Amino acid sequence: MKIGFIGLGHMGSAMAANLVKAGHHVTVFNRSPEKRRKLVELGAHEAARIADACRGEAVITMLADDAALSNVTLADGGIVASLPKGAIHVSMSTVSVALARELTKAHADAGQRFIAAPVFGRPEAAAAAKLFIVAAGEPAAVETCLPLFNALGQKTLPIGPEPAAANLVKLSGNFLLASAIEALGEAIALVSKAGVDRRAYVELLTATIFPAPVYATYGGLIAANRFEPASFTAALGLKDIRLALAAAESLGVPMPLGSLLQRRFLRLLAQGGENLDWSALGGLAARDAADAQEPA
């Protein structure tokens, strides 16, 4: 397919590279030109403007937050103003339900199609094309984009015709991940304060009652106190919890644990943790316990 790709951060760069390797005609745009160069060397085409990345059958965006996606999509010279009628905007960012609805309407008014397809997986999964993709939108548009999703992930999970549903599912998933990180941090702090080896404890958990990747990945990072470099920053974690709470409020759903996580993230950022990996949330319990034990 002839596509554009906008947003070349840790995730986006790896995803665009996999699309190029899969044989798609990919035109890349990023506000920072240096992030385009490696992809151009790989075989991508370079766009000097957003409009130049909107000349094909679809354009994919992978941007940090609502403000970035809204600006790229709705501003003068943005995606809505540049994408041909009938073409598809695939938003793979984790953004608000409200923005997904706004973009769905804006594209429909312009005679374009909009799919929300946020992903589960860290940058290493993106590089290995092992993402899980939650796709929602017009079924025919999702079907058209399956070759793209197959180049990016190990499984695509259609969730319905309303794009906003995919963003809600993604936010709920990140809420669950943050909950697991907080719970792991508290449990590790508890046993560590009693002298139990942190790494051995995580190995026991993941070999018995919690044999899931999330516990192995985040438990290992918390046990080793290794929160840099960040694959997903604490600031982005706080953003996603806020968006989940906003969605919950609009639906009249109490989320008391979500409110607790918001306060914990705020504390982490207040202590200078904005650019740490969001797994640093799990390190707060050790500080609370005045745990001076350092990993070996």
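Since every read-out is calculated from the coordinates, none of them should be taken as a lab result. Because the structure is a prediction, the values reported are computed rather than measured. All Cβ positions, even for glycine, are placed from backbone atoms using ideal geometry, and neighbour counts span all protein chains on display.
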Item to check | Antiparallel DSSP beta bridges within the chain, percent to nearest 5 | outcome: 15 percent
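I'm a student and want to see the number: the projected area of the Cα convex hull of the chain, averaged over all directions, in nm².
Numbers: hull surface 63.1 nm².
Approximately 15.8 nm², given one-decimal rounding.
How much length would be gained if the chain were fully extended between Q271 and A246, taking 0.36 nm per residue of separation minus their Cα-Cα distance, in nm to one decimal?
Using 0.36 nm per residue and subtracting the Cα-Cα distance, I get 6.5 nm.
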Checklist entry - In whole angstrom, how far apart do the alpha carbon centroids of region 177-256 and region 5-60 sit? => result 33 Å
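For A128 and R101, compute 0.36 nm times the residue count separating them, minus their Cα-Cα distance, and round to one decimal in nm. Can you show the working numbers first?
On the way: separation 27, 0.36 × 27 = 9.72 nm, distance 3.10 nm.
Difference between extended and current length: 6.6 nm.
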Checklist entry - Under a straight-distance cross-link criterion of Cα-Cα below 25 Å, which lysines are reachable from K85, leaving out those fewer than 8 residues away in the same chain? => result K2, K105
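Grab region 107-259 and count how many Lys pairs have their alpha-carbon atoms under 17 Å apart, sequence gap of 8 or more, or different chains.
4
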Item to check | Reachable aspartates and glutamates from K21, criterion Cα separation under 17 angstrom, eight or more residues apart if same chain | outcome: E41, E46, E124
Next on the checklist: Quick check on the chain: helices-only [θ] at 222 nm, where DSSP H runs of length 4 and up contribute -39,500 (n - 2.57) each and the sum goes over total residues. Nearest 500, please.
Outcome noted: -16500 deg cm²/dmol
Checklist entry - Among L276, L266, G237, whose Cα sits farthest toward the positive end of the charge dipole of region 193-296 (+1 at Cβ of Lys/Arg, -1 at Cβ of Asp/Glu, about the Cα centre)? => result L266
Next on the checklist: Within 13 Å, Cβ to Cβ, of G12, how many net charges do the neighbouring residues add up to if Lys/Arg are +1 and Asp/Glu are -1?
Outcome noted: +4
Checklist outcome for this item: Note, region 107-115: 3J(HN,Hα) by Karplus (6.51, -1.76, 1.60, θ = phi - 60°), whole Hz, Gly/Pro = x, goes 5, 4, 4, 8, x, 10, 10, 10, 10
Item to check | Assigned charges on the beta-carbon of Lys, Arg, Asp, Glu; the chain dipole about Cα centre (debye) | outcome: 340 debye
Checklist outcome for this item: Per the 1/(1 + (r/R0)^6) rule, R0 = 41 Å and r from the Cβ atoms of A289 and A67, FRET efficiency to 0.05 is 0.65
Checklist entry - Tell me, in nm to one decimal, what length is gained between D76 and A207 on full extension, where the rule is 0.36 nm per residue of separation less the Cα-Cα distance? => result 41.8 nm
